[in-house]
Amino acid sequence: MMCANARESMAASWAAELDDASELQLKRHLAECGECAAEMRELTAIWERMADLPVPEPSTAQHVRWEAALAGLTRSAGPARDWRRTSGNWKFTLESLWPRRPVWQATIAAACLMAGLIGGAFVETAMQKDRGDSREIAALREEIAATREMVALSLLGQGSATGRLRGVDYSERLPALEPRMVSALIEAVNGDPNVNVRLAAIDALSRAENDAAVRSSMAASLERQDSPMVQAALIDYLVDSRDVSAAARLREFSARPDLNDAVKQHAEIGARRLTEYR
């Protein structure tokens, strides 16, 4: 089982929706993969906290509303009639359902009041629970996102290239790239000694291509790169983001005498394409 499949199976495992074979595969993967096992433990602990949500008490506002409705009902009730003969046929009226004896009237009114109180309390409790659950779920999502960002930042500072690549991969799971994460990825593009890490960081920053400051940092990074692959990737980044202001920089960059011929041609084509977007 791959890590991506394991993450998809975690929620189903919490809900006891996995079959025996899938559950066994997930357990085997968690026993072999420390990263997924740690994430499973962390998210399971957060999930279990949802069971501690307090049950809200029904409000007394329902009593007031139902008493007012009952008073209006008794004031508007007319004289009771059972049946009346019209044109030789018996006709049924709703008024005949209301009993004549006060004791029965009081009983029916009390039953209506009780049903209204129970129904109103149930609806209000459900609404309050939904609002509380929504707030709790939103808080949990923020907490998970903050934890993942912390993990990604920590991995980006690892001494091994494999660990830093995992940090870049982890950043792509975040719902949004926060400023700290963007700064860390830009730093990786500018100074990471491993070409693969730099390339992965450029791909991850495609989610922030609408940020003018990020595009400016990517354009400035061209001059710092010594790898033709990274240079080409940065050119593609600027062209894909349609950063028209980078056209002049690409033309200037393509004029470098020590530039790889393929990269030189790539920069010239990219400058022409950006000029067409104006």
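The values are calculated or read from the model by the stated rules, or taken from the named source; none is laboratory data. This one's a predicted model, so the numbers in the text were calculated from it and none came from an experiment. Every residue, glycine as well, gets a Cβ built from its backbone with ideal geometry; the counts of neighbours run over all protein chains shown.
Annotations
- Being in a loop (DSSP other than H, G, I, E, B) and outside the structural domain of MET150 (by TED's automatic domain parsing) is true of ASP226.
- Looking at SER171, SER154, SER206, SER245, just one residue is surrounded by fewer than 18 Cβ atoms within 10 Å (Cβ to Cβ), over 24 Å from ARG256 (Cα atoms) and at pLDDT below 90, and that residue is SER154.
- Qualifying residue in segment 209-220 (condition: within 15 Å of ARG273 (Cα to Cα) and either outside the structural domain of LEU274 (by TED's automatic domain parsing) or surrounded by fewer than 20 Cβ atoms within 10 Å (Cβ to Cβ) (or both)): no
- Look at segment 257-269: where a residue is in a loop (DSSP other than H, G, I, E, B) and a partner is of a type outside the set (D, E, K, R), sitting 6+ places away or on another chain with Cβ atoms under 7 Å, you get ASN260/PRO228.
- Residue in segment 236-246 that is of a type in the set (Asp, Glu), in a loop (DSSP other than H, G, I, E, B) and out of contact with any helix residue (DSSP H, G or I) (no Cβ under 7 Å at 6 or more places or on another chain) present: no
- From the list ALA138, ALA184, the one residue that fits, being of a type in the set (A, V, I, L, M, F, W, C) and modelled with pLDDT under 85, is ALA138.
- When residues of segment 176-203 are limited to those that are under 25 Å from the mean Cα position of the chain (by Cα) and among the acidic types (Asp, Glu), the one surrounded by the fewest Cβ atoms within 10 Å (Cβ to Cβ): ASP203
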